[in-house]
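Trainee: Input: one structure, supplied below.
Where a number appears in this text, it was derived from the coordinates with a stated rule and is not lab data. Since this is a predicted model, take the numbers as computed values, not measurements. Neighbour counts are summed over all protein chains in view; Cβ atoms, including those assigned to glycine, are modelled from backbone coordinates with ideal geometry.
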Amino acid sequence: QPIHLADYTPVPYLIDSVALDFRLDPQETRVTARLSLRPNPASREQGAALVFDGERITLQSLVLDGVALQPGQYHADEQSLTIANVPQAPFTLEVVTTCNPAANTELSGLYLSGGVFCTQCEAEGFRRITYFYDRPDVMARYTVRIEAEREQAPILLSNGNPRERDVIGGTTRHFAVWDDPFPKPSYLFALVAGDLGAVHDGFTTMSGRTVELGIYVLKGNEGRCAWAMESLKQSMRWDERRFGREYDLDVFNIVAVPDFNMGAMENKGLNVFNDKYILANPETATDLDYVNIEAIIAHEYFHNWTGNRITCRDWFQLCLKEGLTVFRDQEFTSDLRSRAVKRITDVKTLRARQFPEDNGPLAHPPRPDAYIEINNFYTPTVYEKGAEICRMMLTLIGEQAFRKAMDLYFDRHDGEAATVEQFVACMAEASGRDLTQFFTWYSQAGTPAVKAEGHYDAAKKQYTLTLEQQVKPTPGQLEKQALHIPLGIGLIGPDGTDMPLDLEGVGTLNTPLIELTEPRQSFRFNVAQRPVLSLNRGFSAPVKLEADLSTADELFLMGHDGDSFNRWEAGQRLGRRLVLDAYHGTATEAGVAAYAAALKKIIDDPAVDDAFKALMLMLPTESEIAAALGAEVDTDRVHAARDGLRTAIARQLARELDAIWQRTDEPGPYRPDPASTARRALRQTALALMVMGDRTDGIARALAEFEAAHNMSAEMGALAALVQVDCPERETALERFHARHAHEHLLVDKWLMLNAQAQGPGAAARIARLTTHPDFRWTTPNKVYALLSGFVGGNPAGFNAEDGSGYKVIADAILRLDPINPQVASRLATSFRSCKLLNSSRKTAAQAELERILAEPSLSRDVFEIVSKIATS
Ligand code: ARG
Ligand code: ZN
C-alpha cells in the first residue's frame with residue numbers, strides 16, 4: 001500500500017530535545033531516550049494519540065512526565081508505539097528499548113561491521129534504535145551518551161561536539177558525551193564505537209575558526225587515509241569559495257566501515273563511509289577509486305548545508321537534497337579537474353543508469369508522488385536527473401542569479417525542512433524568471449526526445465531550425481506536458497568557427513542558448529553561410545536529441561565543434577550508427593574507414609587532452625545500442641556488432657594505438673593528478689582496443705603490463721583488457737591476481753568484478769560458482785555489488801544469455817539476499833528493468849524468473865515493489 005505525496009500532514013507533537021543514552025553490547029544494546037515534547041501548533045489533529053515508529057526493538061519501559069506507564073496505557077507492535085492519551089501541554093517521555101546489533105544483517109539502524117558498532121539511519125533506520133517520529137520534518141536537538149567496554153570500544157563517536165569522556169570507576173567500562181547544537185531530523189543521527197585507528201588534521205575556516213578533522217578506520221588502514229583527508233580539506237575550501245558556506249562545528253569526523261549498503265552517509269559532523277570510498281594507496285586503488293573518493297567525500301561534506309542545515313520536509317523531496325548535492329559535487333570536480341571530461345563522464349553515467357530507468361517500468365519523476373518503500377527511491381533519477389535539473393536552472397538564469405538564489409535559499413530556509421517548491425521559488429525570485437513551466441521537470445517522468453530539423457535558405461541567407469519535443473507515456477503518467485528546455489547552440493561555419501547567432505525577432509544572442517517551451521517551435525537565424533548545427537551544447541538538457549545530420553556533418557563536428565562535449569557527442573552518434581549498421585548487416589567498409597580517419601586526427605592532435613582522446617575512442621555501450629534498437633533486441637548480436645566495429649577500428653588505427661602505447665609508458669611513481677590519470681586512461685583504452693585488433697599481440701601486451709604493473713590502475717587496466725576475450729591467459733592472470741591480493745578485501749572485490757566481466761559462454765555458471773567461493777559473502781553488500789551487479793552491468797551479453805542462465809543466477813541471488821538484506825536484494829532486482837526491450841525468448845525467460853521471485857510468500861516490501869512493477873509492465 002503506497003504512501004502519497006498528497007497525504008502529507010504535520011505531526012501532532014513536536015520533539016524539541018532528545019537525550020540518548022546507549023549501553024552498547026553486541027547482542028543486547030540498551031537505549032534510553034529522554035524526549036521533550038509539546039503539541040504542534042501547526043497540527044490539524046489536536047488531542048491526537050502519540051504514534052511513534054519502531055521496528056525490531058524491544059520495549060523495556062515507558063515513563064511519561066515522571067510516571068511509569070502501565071501496559072493498558074500504551075500499545076506496542078511490530079512497527080509502532082501508540083500512547084492514546086498524552087498531555088496537551090509540554091511533557092517528557094522516557095523510552096527504554098533494547099536491540100541486537102549483531103543480528104542486524106539489513107545494515108539499517110545499529111549494526112556491527114568489522115567488530116565496530118555503527119549506524120545507518122537514512123531513510124528509516126532510526127526507528128530500529130528507539131521509538132520516534134522517524135521522519136525528516138521532526139527536527140530536534142540531540143545529546144548522546146555512549147557507554148561501552150573500554151577494550152572493545154576505545155573510540156566512542158556521535159554527532160556534534162565532544163563534551164565529556166571518562167572511565168566508569170571500578171568497572172571495565174567508559175563513556176563519552178556528544179552534543180549537537182543544530183536541530184536535525186532522526187535520519188542524520190549517528191553513533192560509532194569500536195577499536196578504530198585514526199588520522200587527524202585540522203582546517204581553519206574563512207572566518208578563522210579551527211575545526212579538528214578525523215578519519216577513523218579499522219586498525220592497519222591508517223596509512224590509506226591521506227587522499228581522503230586531502231579531499232576533505234579541498235571540499236571545505238571549495239564550499240567557502242564557490243558558495244560562501246562555512247563549516248559549523250568544532251569537529252568533523254569520518255568513519256570507514258567495510259559493510260555498508262550505499263556509498264556513504266552525511267550524518268551531522270560524523271559521516272560514515274563504505275571503506276571502498278575512503279581507503280586508497282597506489283597499490284590498492286585505481287584512478288577511478290581516487291576520483292570517486294574525492295567526489296564522495298565532497299558530496300557528503302556538501303550535504304552539511306544542502307541536506308542537514310536545510311533538510312527535506314518528507315521523503316518525496318529527496319531530490320531537494322540529493323539532486324542539489326550531486327550538482328554541487330559535480331561542480332567541485334569540474335573546478336578541480338577538467339570540466340569537459342567531467343561533463344562527458346557524468347553524461348555517460350546518466351545514459352548508463354538514468355535513461356534506462358526513465359525508459360522502462362521503473363520510471364518515476366525526480367520528485368515521485370508515491371512509493372511503497374522509500375529506500376527504492378535512492379535512484380539515478382532522484383540523484384542524477386535531479387542534478388541535471390539544478391544545472392538547467394543555472395543555465396537558464398545564469399551564474400550570478402544562481403548564486404544569489406542559493407544565498408536566498410540558505411538564508412530563508414536554514415534550520416527548516418523544506419520542499420522542492422520552496423527551492424525553485426528562490427531561483428525564480430532571485431532571477432525574476434517565471435519557472436512555473438520549468439517545474440514540470442520535477443513532476444514528470446520520462447526522457448524527452450527533441451527532434452531537430454534545420455533548413456538553410458541560401459538565397460535569403462536564413463537558417464530555420466524546427467524543434468519538436470515529445471515524452472513517451474510512463475507508468476501512471478500517460479499524458480505528458482511540454483517542458484521548458486534550455487538548449488545550448490552553435491552554428492558552425494565551413495571554416496570550423498562559430499558564426500554569430502542572429503535570431504530573428506530577438507537580435508544577436510548574448511548567451512548561445514535557445515529555450516524550447518512549445519511542443520513544436522521554430523527559430524530563424526540570419527546567417528551568411530550554410531551552418532552545421534551544434535545543438536544541446538554541454539548537454540544543457542537531459543534529452544535525447546534526434547538531429548537530421550548527415551554523416552559528413554557528424555564527421556565535421558567530430559573534428560571542429562568548439563564545444564568539446566558536442567565534439568565527443570558527434571563521435572558517439574556516429575559510432576552508434578555504425579554499430580547499428582553492423583547489427584543490421586548493412587555496414588560498409590567506407591563508413592568505418594571514415595570514422596577511423598576522424599578518430600586518427602583527434603589522436604594525432606597534440607592540443608587534445610589525453611582523457612578526451614580516451615573518451616573519443618570508446619563506443620556507446622551495449623545497453624545504449626539496445627535502447628536505440630528499441631525492441632526485439634538480440635543482445636548477442638549487439639555484443640558481436642559492437643566488438644566487430646571495435647576490432648575494425650583497432651586494425652585501422654594499429655599504428656596510432658602503438659604510438660599511444662609507447663608514449664604513455666610511465667616508469668615513475670604513481671600520482672593521481674589529472675594529467676597522469678588522463679595518460680593512464682588513454683593507455684588502458686588503447687590496450688583494450690589492441691586486444692580486439694590483434695589477439696595474440698594484444699594479449700601478450702596485456703600480460704606483460706599486468707606483470708610489470710607497479711600500481712593498481714595499471715594492474716586493473718591490463719586485466720580489464722584481458723577479460724574481454726575468452727582465452728586461457730585471462731584465467732591464469734585472474735588466478736595470479738587472486739593469489740597476490742587475497743588478503744585485501746577491497747582487492748578481492750575487484751577480482752570478483754573482473755570475473756563478472758569475463759565475456760564469452762559459461763558466464764552465468766562462473767557467477768554461480770563464485771557465489772560459493774570462500775571469499776564471497778552474501779552479508780557484505782560490496783561483494784554482492786562486485787560480483788552480481790558487476791555481472792549485470794559489465795556483461796550484458798552474459799546476463800541476457802538466451803538460455804536464461806543469467807536471469808536465473810540473478811533471481812537466485814535476489815531470493816537468497818532478500819531475507820538477509822532487502823535493500824541490497826531490491827537494488828539487484830532493478831537489473832531486470834530493461835528486459836522489455838529484448839526479443840521474445842529472452843523476455844519470456846526473464847518474466848519466468850520475475851514470477852518465481854513474486855511467488856516467494858515472505859518477500860520484502862522492497863523487492864516486491866520493484867519486481868511487481870517490472871513483471872506487470
Ligand atoms: N544520503 C546518502 C547520500 O547520498 C545516501 C544514503 C541512502 N541510504 C539508504 N539506505 N537509502 O549521500
Ligand atoms: Zn547524497
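Trainee: Given Cα pairs under 8 Å that are at least 6 residues apart, what percent is the relative contact order of the chain? Don't skip to the end; give the middle numbers.
Mentor: Numbers: 1697 pairs, mean separation 70.9, N = 873.
Relative contact order for the chain comes out at 8 percent.
Trainee: Rounded to the nearest 20 debye, what is the charge dipole size of the chain about its Cα centre when +1 sits on each Lys and Arg Cβ and -1 on each Asp and Glu Cβ?
Mentor: On the way: 91 positive and 117 negative charges, 150 e Å.
Using only the charged Cβ atoms, the result is roughly 720 debye.
Trainee: Report, in whole Å, the centroid distance computed from the Cα atoms of segment 60-121 and segment 422-438.
Mentor: Going from one Cα centre to the other spans 42 Å.
Trainee: Now, a different point. Cross-link partners among aspartates and glutamates for Lys451, C-alpha distance below 12 Å, same-chain residues fewer than 8 apart left out?
Mentor: Leaving aside aspartates and glutamates fewer than 8 places away in the same chain, those within reach of Lys451 are Glu468, Glu546, Asp548.
Trainee: What lysines does Lys404 reach when the alpha-carbon gap must be under 20 Å and sequence neighbours fewer than 8 apart in one chain are set aside?
Mentor: Counting by Cα, and skipping residues close in sequence, Lys404 has these lysines nearby: Lys321.
Trainee: Moving on. Among Leu734, Ser235, Thr311, whose Cα sits farthest toward the positive end of the charge dipole of the chain (+1 at Cβ of Lys/Arg, -1 at Cβ of Asp/Glu, about the Cα centre)?
Mentor: Value computed over the given set: Leu734.
Trainee: Please name which of Ala541, Asn526, Gly490 has its Cα lying farthest along the dipole of segment 486-554 towards the positive end, using unit charges on Cβ (Lys, Arg +1; Asp, Glu -1) and the Cα centre as origin.
Mentor: Most positive-ward Cα: Ala541.
Trainee: Something else about it: Quick check: the angle from helix 840-854's long axis to the longest principal axis of the chain, C-alpha only, nearest 10 degrees?
Mentor: That works out to roughly 0 degrees.
Trainee: Which is farthest toward the positive dipole end of the chain among Gly386, Pro90, Gln152, measuring Cα position about the Cα centre, with Cβ charges +1 (Lys, Arg) and -1 (Asp, Glu)?
Mentor: It is Gly386, whose Cα lies furthest towards the positive end.
Trainee: FRET efficiency for Glu744 and Ala675, Cβ-Cβ distance as r, R0 = 30 Å, nearest 0.05? Kindly include the intermediate steps, with their values, before the conclusion.
Mentor: Details: r = 28 Å, r/R0 = 0.93.
About 0.60, to the nearest 0.05.
Trainee: Along the Cα-to-Cβ line of Leu59, 7 Å from the Cα, sits a label point; which residues in segment 108-138 have backbone N less than 13 Å from it?
Mentor: Counting backbone N atoms under 13 Å from the label point, the list is 131-132.
Trainee: Under the Kirkwood approximation for Rh and a Cα-based Rg, what ratio Rg/Rh is obtained for segment 803-873?
Mentor: On the way: Rg = 11.1 Å, Rh = 11.8 Å.
Rg/Rh: 0.94.
Trainee: Let me ask something else about it. Is it possible to state the helix-based mean residue ellipticity at 222 nm for the chain, with each DSSP H run of 4+ residues giving -39500 (n - 2.57), the sum divided by total residues, to the nearest 500 deg cm²/dmol? What is it? Don't skip to the end; give the middle numbers.
Mentor: Working: 29 runs with 340 residues, N = 873.
Using -39500 (n - 2.57) per qualifying helix, the result is -12000 deg cm²/dmol.
Trainee: Which lysines, on any chain, are close to Lys836 with Cα under 21 Å apart, when same-chain ones fewer than 8 places away are left out?
Mentor: Partners found: Lys472, Lys544, Lys808, Lys869.
Trainee: Rounded to whole Å, give me the distance from the Cα center of segment 534-589 to that of segment 614-629.
Mentor: So the separation of the two Cα centres works out to 11 Å.
Trainee: Specify the inter-centroid distance of segment 250-321 and segment 656-725, based on alpha-carbon positions, in whole Å.
Mentor: 31
Trainee: Between Asp411 and Thr696, what is the label-to-label distance in nm when each label sits 7 Å out along the Cα-to-Cβ direction?
Mentor: My value for the distance between the label points is 7.3 nm.
Trainee: Treat every Asp and Glu Cβ in segment 47-181 as -1 and every Lys and Arg Cβ as +1, leave all other atoms uncharged, and give the resulting dipole magnitude about the Cα centre to the nearest 20 debye. Don't jump to the answer; show the numbers that get you there.
Mentor: Numbers: 10 positive and 18 negative charges, 51 e Å.
Taking the Cα centre of segment 47-181 as origin, the dipole is about 240 debye.
Trainee: Still on this model: With the cut-off at 1.5 for a/c, could you classify segment 288-380 from its C-alpha gyration tensor as rounded, prolate or oblate? Spell out each step's value before the answer.
Mentor: On the way: a/c = 2.44, a/b = 1.27, b/c = 1.92.
It comes out oblate by the Cα gyration axes.
Trainee: With +1 on each Lys and Arg Cβ and -1 on each Asp and Glu Cβ, and nothing else charged, work out how big the dipole of segment 316-458 is about its Cα centre, in Debye to the nearest 20.
Mentor: 480
Trainee: Round to the nearest 10 and give me the degree value, 0 to 90, for the angle of helix 745-756's Cα axis relative to the longest principal axis of the chain.
Mentor: In the chain, helix 745-756 runs at an angle near 40 degrees to the longest axis.
Trainee: Let me ask something else about it. Ranked highest first by average number of other Cβ atoms within 10 Å, how do 408-419, 776-787 line up? Walk me through the numbers before you get to the answer.
Mentor: Details: 408-419: 16.6, 776-787: 20.6.
Going from most to least packed, we get 776-787, 408-419.
Trainee: Quick check for you: which residues of segment 1-38 have the amide N under 20 Å from the point 7 Å beyond the Cα of Thr171 toward its beta carbon?
Mentor: Residues 19-34 fall inside that zone.
Trainee: How far is helix 226-243 tilted off the main Cα axis of the chain, in degrees rounded to 10, range 0 to 90?
Mentor: 80
Trainee: Could you grab the relative contact order for segment 192-280? Cα pairs under 8 Å, six or more apart, rounded to a whole percent. Working shown, then result.
Mentor: Details: 144 pairs, mean separation 24.7, N = 89.
Computed value for segment 192-280: 28 percent relative contact order.
Trainee: Measure off 7 Å from each Cα along the Cα-to-Cβ vector at Glu222 and Glu735, then give the distance between these two points in nanometres to one decimal.
Mentor: Roughly 4.0 nm, to one decimal.
Trainee: Separate question: Once you compute Rg and the Kirkwood Rh from C-alpha atoms, what is the Rg to Rh ratio for the chain? Please report the intermediate quantities before stating the final value.
Mentor: Details: Rg = 27.9 Å, Rh = 28.9 Å.
That ratio equals 0.97.
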